[in-house]
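The values are calculated or read from the model by the stated rules, or taken from the named source; none is laboratory data. From a predicted model like this one, the values you see are computed outputs, not experimental measurements. Cβ sites come from the backbone with ideal geometry, for glycine too, and all protein chains shown count toward neighbours. What goes into the accessible areas is simple: the full protein's heavy atoms, side chains included, and nothing from ligands, DNA or RNA. Shrake-Rupley method; radii C 1.70, N 1.55, O 1.52, S 1.80 Å.
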Number of protein chains: 2
Amino acid sequence: MTYCLAASLKAGLVFAADTRTNAGLDHVNSFRKMHSLVWEGDRVLVLLSAGNLATTQAVVTHLQREAESGGPLSEVRHLSDAADHVGQVSLQVQRKYRAAEDMSAVSLEATFILGGQIGDEPTGAFLIYPQGNFITCSEEQPFLQIGETKYGKPILDRIIEPGLSLEDAARCALVSIDSTMRSNLSVGPPVDLAIYPAGALQRPRMLRYKHNSPYFASVRKHWGEGLRRLFDDLPRFDWEG
Amino acid sequence: MTYCLAASLKAGLVFAADTRTNAGLDHVNSFRKMHSLVWEGDRVLVLLSAGNLATTQAVVTHLQREAESGGPLSEVRHLSDAADHVGQVSLQVQRKYRAAEDMSAVSLEATFILGGQIGDEPTGAFLIYPQGNFITCSEEQPFLQIGETKYGKPILDRIIEPGLSLEDAARCALVSIDSTMRSNLSVGPPVDLAIYPAGALQRPRMLRYKHNSPYFASVRKHWGEGLRRLFDDLPRFDWEG
């Protein structure tokens with residue numbers, strides 16, 4: 001499995017992704033699930049992927065090759081058109097192998113998050129389903145998740161709101177991914193983080209944290225110890241006196 | 001959906017369950033998912049249920065009627081035999097409607113947690129699958145969950161260990177259920193809590209909390225505000241100065 005998320009804020013966008021992939025428990029690897037396509041001064045796109053690794057790699061490779069020689073992502077006027085293109089490429093890849101898929105128990109489905117900014121348009125983020133259709137964020141739901149989304153959702157529900165700073169959203173993403181990694185073996189480090197300030201139209205700040213990277217380790221330690229203290233300070237039942 | 005959990009500690013057992021049931025979003029109700037069977041001085045059993053409501057209600061009713069006139073649960077020597085009996089009754093109920101199930105998209109499956117104590121045996125808890133087979137807790141995994149288990153698992157993973165006091169485990173269960181209710185509409189109050197001290201062999205302490213019950217509200221408020229403070233105190237990225 002996988003866990004990726006994107007937060008869409010007034011200040012810009014934050015993306016985070018784990019890197020563990022597995023096809024059964026005896027075939028565990030680490031692959032990048034976060035990719036960026038940047039045309040400086042014109043447009044910035046960040047793509048997060050979950051699902052069948054062959055499908056997601058084929059889609060990413062296709063989009064990267066296209067981008068080298070122009071291609072739709074470098075030309076579309078709106079971010080939603082870019083999301084639509086990613087959805088269509090994903091469908092194309094899935095269709096190619098559908099006959100074989102029908103004969104096996106393996107699902108070739110893939111889900112993506114595409115976020116970024118095109119020219120003067122506001123920043124935005126889309127969740128692209130295996131069917132190729134997509135949804136975007138809202139004020140009430142300023143984040144999107146794909147993969148193993150449930151373990152890390154409570155902290156996002158509590159903290160992420162559109163007025164949050166990029167750094168706070170990035171810290172929240174790290175806590176959300178850490179909680180998921182603790183509870184589910186299929187999500188693992190290193191963790192990729194991308195921070196894009198609205199209007200920059202240049203490569204986002206990209207960070208990669210291993211389990212013992214000083215900043216990530218420090219956030220995890222503070223959070224874990226703080227939670228324990230917070231728990232110990234909770235009000236007592238009346239019979240505890 | 002549903003969210004129920006049981007913690008198996010040296011000090012005894014803690015059970016918690018929400019009460020929301022839904023068959024589609026337009027048919028939401030509140031039903032008790034926690035039931036206890038007590039033969040004072042001899043044995044105490046607590047049953048938590050998740051899955052198809054008709055199946056779980058039929059199983060609970062069957063077990064309660066049986067218990068009124070003796071029946072296997074009042075006679076078995078080991079808790080694992082009680083778990084086996086619950087599994088067999090569950091299978092019986094599911095089989096009765098299987099022909100109809102095959103013609104519809106509805107699953108009649110149900111999952112149970114059975115915990116308690118029989119005579120001089122140690123306390124214990126079992127998770128009973130829809131297939132009727134079951135697993136128990138271990139030192140490394142001193143809690144069991146059924147239903148919407150993922151949202152509330154991270155806090156259990158951090159806090160629950162065999163040496164914990166019953167009250168701490170009960171508070172942790174309330175926090176775990178609160179986090180789940182915030183993130184998933186299919187889990188809702190009131191929340192049932194049962195606390196059974198090892199060796200008591202009498203009715204567990206049973207508590208029911210509505211959303212605004214003073215103790216539950218106070219735990220939720222402390223936890224929510226504390227998390228926010230804890231989050232705000234996390235170490236800064238190096239460029240934040």
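If the condition is being of a type in the set (Gly, Ala, Ser), part of a strand (DSSP E or B) and at pLDDT 95 or above, then segment A:4-31 contributes A:Ala6, A:Ala7, A:Ser8, A:Gly12, A:Ala16, A:Ala17.
Applying the selection to segment B:156-190, what residues are acidic (Asp, Glu) and open to solvent by 10 Å² or more (accessible area, probe 1.4 Å)?
Across segment B:156-190, the qualifying residues are B:Asp157, B:Glu161, B:Glu167, B:Asp168.
Once segment B:111-150 is narrowed to residues that are buried (at least 17 other Cβ atoms within 10 Å of the Cβ) and free of Cβ contacts under 8 Å to residues at least 40 places away in the same chain, the residue that is nearest to A:Ser183 (Cα to Cα) is B:Lys150.
Within segment A:68-93, residues that are closer than 22 Å to A:Ala54 by Cβ reach partners that are assigned to a helix (DSSP H, G or I) and open to solvent by less than 10 Å² (accessible area, probe 1.4 Å) with beta carbons closer than 6 Å, at six or more positions or on different chains, in the pairs A:Leu73/A:Ala82; A:Val89/A:Val59; A:Ser90/A:Val59; A:Val93/A:Thr55; A:Val93/A:Val59. Could you tell me whether any residue of segment B:196-209 is buried (at least 16 other Cβ atoms within 10 Å of the Cβ) and more than 18 Å from the chain's Cα centre (by Cα)? Yes, that holds for at least one residue. Counting only residues that are modelled with pLDDT under 95 and touching a helix residue (DSSP H, G or I) at 6+ places or on another chain (Cβ under 7 Å), segment A:130-150 holds 1 of them. Residues that are more than 9 Å from chain B (Cβ to nearest Cβ) and among the hydrophobic types (A, V, I, L, M, F, W, C) were ranked within segment A:214-241; the one that is most open to solvent (accessible area, probe 1.4 Å) is A:Ala217. Is there a residue in segment A:38-54 that is under 17 Å from the mean Cα position of the chain (by Cα), of a type in the set (S, T, N, Q) and at pLDDT 95 or above? Taking every residue of segment A:38-54 in turn, at least one turns out to be under 17 Å from the mean Cα position of the chain (by Cα), of a type in the set (S, T, N, Q) and at pLDDT 95 or above. Those helices (runs of 4 or more DSSP H) of segment B:32-110 in which 2 or more residues are among the small types (Gly, Ala, Ser) and crowded, with 17+ Cβ neighbours inside 10 Å occupy B:79-96.
Could you tell me whether segment B:67-77 includes any residue that is farther than 22 Å from B:Asn133 by Cβ and modelled with pLDDT of 95 or more? Yes, segment B:67-77 has at least one match.
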